[in-house]
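S.K.: Would you mind keeping the following structure in view while I ask a few things?
Computed from the coordinates by the stated procedures, all read-outs in this text should not be read as laboratory data. Note that the structure is predicted; figures quoted are calculated from it, not measured. Please note: Cβ atoms are built from the backbone with ideal geometry, for glycine as well, and neighbour counts cover all protein chains shown.
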Amino acid sequence: MSQTQNGNYKTHETLVQQVWHSCLGKIILLVVIGAVLLIVAHFNIPSEEQMKAETTDNIYQCLLDNDSIRTDDIDDAVHNMSYIFTTADTVPNEDVVASFEKFNELKYYRHAFHATMLIHNNIHPEGVTAGIGILGFVIPTVNYSDMLLRTGIMHKGYDQKVIRRVTVGSESFGSDPELGL
């Protein structure tokens with residue numbers, strides 16, 4: 001920097017360098033980079049077929065790996081991240097696949113900059129995210145607990161009368177008259 005005759009300092013930076021060194025210039029650069037990234041993301045959203053194929057493969061891997069005991073959500077996150085670059089070695093048992101297809105439905109939703117694949121079933125009628133597609137990648141978020149593989153009776157005989165056994169000494173009586181049963 002050099003001082004002029006009137007006491008003001010003059011820099012020898014070009015206009016581009018001055019903008020780059022200012023806070024506003026850096027904010028403008030970040031906005032431009034973000035806009036370019038969003039435009040690229042908008043045109044690289046995975047198709048429904050790609051999302052369905054990748055999500056189904058990730059679900060198969062989840063069904064195959066479910067024999068181990070999970071201790072926390074970090075295990076599922078690590079498995080899901082490894083599912084991005086791998087494929088299922090084998091298809092799970094045909095009965096398990098048929099059960100999954102019977103009780104669960106995969107639905108594709110396209111958004112402005114990404115796509116999601118949701119699993120809809122009786123446990124999650126609003127759907128739970130099984131995969132997120134962005135920039136041409138499908139990131140799995142499926143957990144074994146999100147899938148419904150079998151159904152059964154929820155409350156057996158909820159409308160039956162309650163019979164309490166009352167034991168007095170060595171004798172057992174069928175109901176408790178004090179409770180009106």
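S.K.: Work out how much length Glu101 to Cys23 would gain on full extension: take 0.36 nm times their residue separation and subtract the Cα-Cα distance, in nm to one decimal.
M.R.: Details: separation 78, 0.36 × 78 = 28.08 nm, distance 5.45 nm.
Roughly 22.6 nm would be gained on extension.
S.K.: Lys and Arg at +1, Asp and Glu at -1: add these up for the other residues within a Cβ distance under 12 Å of Gly133 and post the number. Let's see the in-between values first.
M.R.: Working: positive: Lys52, Arg110; negative: Glu48, Glu49, Glu54.
Combined, the nearby Lys, Arg, Asp and Glu give -1.
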